[in-house]
1. Once the other residues with Cβ under 13 Å from the Cβ of Glu81 are scored (Lys, Arg +1; Asp, Glu -1), what is the net sum?
2. Given charges of +1 on the Cβ of Lys and Arg and -1 on the Cβ of Asp and Glu, with all other atoms neutral, how large is the dipole of the stretch 16-103 about its Cα centre, in debye to the nearest 20?
3. Determine the sum of side-chain charges near Arg44: Lys and Arg each +1, Asp and Glu each -1, restricted to other residues whose C-beta is under 10 angstrom from that of Arg44.
4. Between Ser39 and Thr66, how many nm apart are label points set 7 Å from Cα along the C-beta direction?
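Every read-out reported here was derived from the displayed coordinates using simple, explicitly stated rules and does not represent laboratory data. Computed from a predicted structure; not experimentally measured. Cβ atoms come from the backbone with ideal geometry, glycine included; neighbour counts cover every protein chain shown.
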Amino acid sequence: MAILAVESPTFQPAMRIITAITQSNPAAVTTSFDHDYVSGMIVRLVIPPGYGLEEYNEQKGTITVTGDTTFTIDIDTTIGEPFTVPAVFPENKQSPQVLPIGEINSMLTTATRNVLPY
């Protein structure tokens, strides 16, 4: 079963599917749709086997938002295999993901967003 990302989940900021990661320093990440992240968030990359850049799986970094579906992360990905989306969905049926795990504590903005419809 594939992992699906909900565009407007109750709990935000939310996980997003990664569609591209550049081999650069800092690395530029592209998500499958608007991520709604803010600069200064700390995220974790989840890169399953078959997508390249596997040595960066579970790496954490602070992001700088560069667009609705793009951001840079303070990880140097210049060494290693390039990130690729396989032509055939991998047997493990897992998509690469970015997971928000925190933020720089001097800003404390994303923890105050309430998205519940009350």
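1. -2
2. 120
3. It works out to a net charge of 0.
4. 1.3
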